[in-house]
Every structure is written in C-alpha cells, then in structure tokens.
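These notes concern the structure reproduced below.
The values are calculated or read from the model by the stated rules, or taken from the named source; none is laboratory data. These figures come from a predicted structure and were not determined experimentally. FYI the Cβ positions are ideal-geometry reconstructions off the backbone, even for glycines, and counts take in every protein chain you see. Surface areas here come from the heavy atoms of the whole protein model, side chains and all, with no ligands, DNA or RNA. Shrake-Rupley method; radii C 1.70, N 1.55, O 1.52, S 1.80 Å.
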Amino acid sequence: MTDRFLQDKAALVTGSTQGIGLAIAEALGGAGCRVAIHGLGDAATIESAETAVRDAGAAEVRFFNADLRDPGAIGSMMREAAEWGGVDILVNNAGVQKTTSLEDADTETWNAVITVNLSAAFHTMRLAMPAMGERGYGRVINIASVHGLVASREKAPYVASKFGLVGMSRVAALEYAALGDRASGGVTVNCICPGWTETSLIEPQIEARTQQVGGGRTEGIADLLREKQPSLRMSDPMEIGALAVWLCHRHAHNITGTSVPVDGGWTAQ
Ligand code: NAD
C-alpha cells in the first residue's frame, strides 16, 4: 500500500502540466498530498494533467496558470495558494532551455531563460517560505540541473540560471535551517540536479544530434548519452518524482542546502 504520509500537506509544483513537473505532482499526489499544478498549455493538456494527479491519489487538485515571466501573476498565484490552505511543499520546476553560443545569444533569450528558471523561484520562495517557518515544516525543492553544477558549451543563459538557482537555494537553506524541529520536520531547501531525462524539453537537442550523427533517434540519444552521462541511460521523470517525495519526509529534516545529482555519473567525472 502507498504510504500517504503527506495527507495533511499541500504542494505547489510549477511547470507541472507535463514532463518532470507532472511526474513530481503525481508522486506527491500518490503520497496523499493536496496538489496545485501549474503551467502553460491548452485546455486538454491541463485537464489530462489534473486527471493524472487525481488518479495518482491526490487528496485535491487545483490548477494555476500564472505566466512566470510576470511577477504580478506570480504574486496573485501565491496569494491564492495561501488562501487555498498554504504551500507546505514548493517545487520550483518550470524551466525553459535554449541552446546558443554566447556570441549568438541575444538579450531576449537571456531574459527569457533567467526570468523563468531563476527569478520566478526567487518570487515563489520569498512569498511561500515565511509561512513554512511559522508552521515549522516546509520543503522547497528546486529542480536545477547538472548544469547548476557543471557547464556545457552553448548554454550560457541556462547554466547561469541553474548555478543561480543552486546558490539561492543554499542561502534560503541557511536562513531557514533553525526553524521547526525534528518532530515538525523543519524547513529545508534542496535542489535536484537531473542529467538527461526523457521529456519534450530536450527534443530539439535530440533532433539536432540525430541529424548530426545520421541514423535514427535512438542513435542520436545514444550519442548524447555517450558524451556526458556514463550510465548511458536516460532518467524517467517518475524517478525524479520519487526523490522529491522522499525529501518531504520528516526524517529528511537535516538534509538542507544540498544539490542531488540524478545524472548517471555525469558530475562524478
Ligand atoms: P518541459 O518542457 O517538459 O516542461 C516545462 C514546464 O514548464 C511546462 O509545464 C511549461 O508549461 C512550464 N513553463 C515554461 N515556461 C513557463 C512560463 N513562462 N510560465 C509558466 N510555466 C512555464 O520540461 P522538463 O524537461 O519537464 O523540465 C522541467 C525542469 O527540469 C526544468 O527546470 C528543466 O530545466 C529541468 N531539467 C530538465 C532536464 C531534462 O533532461 N529534461 C535535465 C535537467 C534539468
């Protein structure tokens, strides 16, 4: 039987209409959590995400459509989420990616990536964390990347955003470390740093590599993995979801300020 240890908790997972965010929302729902899903997408995508999280076992599902490029929209979402019962678990997962050399990167690309991947997490954390401190329990799980720990070519805005997210998470971890106690679970802030994970975010890179090496999609993926990810296996989003849920346990109260790679050995090299 699934352990429904989060049945008295509520979570907000940004960018959970698909991909890693949806898998995290499902995993939290499976642990009995009330889950606010969020993201951009057409009505069918949103409905399908809501159904998936409900079917996974979420006590309640709610959808927010704030565009994270708009701090005002983030503020409204966080106010509504507080009225909905508060955010015990905040997962900053929404992210965008654009590969381009530094020379070719324009201001628009830089702003788009930094705004969604970094500034949005600043706004949600700033607004959600004081209530976590008052309750003595809170979990902030920021979905960074291996690119929050190491660099790759042609990803300057993305790498900058993810290193920034890792740094900001450490500061928040320190500021909230002493709040709550072992029984309440404390307030922790951690990053999960995935390597290659099967979602639509990396499709453009798979397509580009497939064209470069010739052959089919399988060869393109194999070539990407050979270059960086020693396990030669992609991660499944549900594996990131399982780790996120684990971090929400009370017994993880002393795990804070960390960045956990899920990268098949990428950053061990
Ligand atoms: P995805 O493209 O499948 O999903 C991204 C989500 O973010 C979607 O729900 C989308 O609606 C939302 N989003 C994007 N821009 C938004 C905006 N302006 N306002 C509101 N919502 C917005 O991506 P994914 O692969 O599931 O990535 C999730 C996170 O994991 C990202 O932060 C990404 O950087 C990180 N990550 C992914 C991989 C990978 O290999 N897939 C590897 C490392 C890190």
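Taking the criterion of being under 22 Å from Glu198 (Cβ atoms) and open to solvent by 10 Å² or more (accessible area, probe 1.4 Å), the residues of segment 31-49 that qualify are Leu40, Gly41, Asp42, Ala44, Thr45, Ile46, Ser48.
Between Thr115, Thr124, Thr109, Thr99, the distinction of being within 16 Å of the ligand (Cβ to nearest atom), hydroxyl-bearing (Ser, Thr, Tyr) and out of contact with any strand residue (DSSP E or B) (no Cβ under 8 Å at 6 or more places or on another chain) belongs to Thr115 only.
Taking each residue of segment 27-53 that is assigned by TED's automatic domain parsing to the domain that holds Thr14 and looking for partners that are open to solvent by 30 Å² or more (accessible area, probe 1.4 Å) and among the acidic types (Asp, Glu) with beta-carbon atoms closer than 8 Å, six or more apart or interchain, yields Ala31/Asp3; Arg34/Glu60; Val35/Glu60; Ile37/Glu50; Leu40/Asp67; Ala52/Glu26; Val53/Glu26. Only one entry of Ser145, Ser184, Ser169 meets the criterion of being of a type in the set (Ser, Thr, Tyr) and surrounded by fewer than 22 Cβ atoms within 10 Å (Cβ to Cβ), and that entry is Ser184. The condition of being at pLDDT below 95 and either in a helix (DSSP H, G or I) or not assigned by TED's automatic domain parsing to the domain that holds Leu90 (or both) holds for only one of Gly167, Gly215, Gly241, that being Gly215. Filtering Ala131, Ala73, Ala81 for residues that are more than 15 Å from the chain's Cα centre (by Cα), touching a residue at least 40 places away in the same chain (Cβ under 8 Å), farther than 21 Å from Ile206 by Cβ and open to solvent by 10 Å² or more (accessible area, probe 1.4 Å) leaves a single hit, Ala131.
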